[in-house]
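The next block holds one structure in the form of structure tokens; read it before the comments.
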Amino acid sequence: MARTGGCLCGAVRYEVTGDLAPIQLCHCGQCRKAQGGPFGANIPVAAADFRLVQGEDALREYRASPGKRRVFCGVCGGPVFSQRDDAPQTLRLRAGGLDDTAGLRIGLNAQTASAADWWPIDDDLPAYPGAGPV
């Protein structure tokens, strides 16, 4: 199954194939700042299953920490994915950029030790005070 997605302004469009893993919520301070909310909602996908359809020239990246790039649209600032240098085979696709999220579910909470005080984590999902399996 192929799903499509992109940034807020539509300059960046992509397609991702294959079944998608459950969404991983990351509550670390960097994800909160990068997403402008209480967490980052990420889906790990194989880099080989991700295809940029348009907007390569609009993509920008930022490295808030060594070894990890956050890729976003340089026009609207919409986040697209992140990728670690030591795991180039995996992208962490931003779930909010998908056009259709039917059938997706949240699988876990990571970095709960640094979660925002104003966003209670009160679900029964696996929770990791550190990175966990993210």
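How about segment 73-91: which of its residues are on the phi < 0 side of the Ramachandran plot, surrounded by fewer than 22 Cβ atoms within 10 Å (Cβ to Cβ) and out of contact with any helix residue (DSSP H, G or I) (no Cβ under 6 Å at 6 or more places or on another chain)? Before you say what the answer is, go through the steps one by one.
Applying the first criterion (on the phi < 0 side of the Ramachandran plot) to segment 73-91 yields 73-76, 78-91.
This time we only want the ones that are surrounded by fewer than 22 Cβ atoms within 10 Å (Cβ to Cβ), so: 73-76, 78, 83-90.
Passing the criteria: Cys76, Gly78, Gln83, Arg84, Asp85, Asp86, Ala87, Pro88, Thr90.
If you go through segment 10-35, how many residues are loosely packed, with under 14 Cβ neighbours inside 10 Å and touching a Cys at 6+ places or on another chain (Cβ under 9 Å)?
Adding up the residues that qualify gives 0.
Taking into account only those residues within segment 9-28 that are at pLDDT 95 or above and small (Gly, Ala, Ser), which is farthest from Asp99 (Cα to Cα)?
Of everything passing the filter in segment 9-28, Ala21 is farthest from Asp99 (Cα to Cα).
One line per residue, one yes/no per condition, for (1) touching a residue at least 60 places away in the same chain (Cβ under 8 Å); (2) over 25 Å from Thr17 (Cα atoms); (3) in contact with a strand residue (DSSP E or B) (Cβ under 6 Å, 6 or more places away or on another chain); (4) loosely packed, with under 13 Cβ neighbours inside 10 Å:
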{"site": "Gly97", "(1), (2), (3), (4)": "yes, no, yes, no"}
{"site": "Thr101", "(1), (2), (3), (4)": "no, no, no, no"}
{"site": "Arg105", "(1), (2), (3), (4)": "yes, no, no, yes"}
{"site": "Leu108", "(1), (2), (3), (4)": "yes, no, yes, no"}
{"site": "Asp117", "(1), (2), (3), (4)": "no, yes, no, yes"}
{"site": "Pro120", "(1), (2), (3), (4)": "no, yes, no, yes"}
{"site": "Tyr128", "(1), (2), (3), (4)": "no, yes, yes, no"}
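Can you give me the ranges of the strands (runs of 3 or more DSSP E) entirely in segment 38-111 with at least 3 residues that are aliphatic (A, V, I, L, M) and either at pLDDT 95 or above or over 15 Å from Cys9 (Cβ atoms) (or both)? Even if it seems obvious, please write down each step before you answer.
Working: elements: 40-46, 50-54, 59-65, 68-73, 79-84, 90-94, 106-110.
In segment 38-111, the matching strands (runs of 3 or more DSSP E) lie at 40-46, 106-110.
The values are calculated or read from the model by the stated rules, or taken from the named source; none is laboratory data. This one's a predicted model, so the numbers in the text were calculated from it and none came from an experiment. So basically every Cβ, Gly included, is an ideal-geometry build from the backbone, and we count neighbours across all protein chains shown.
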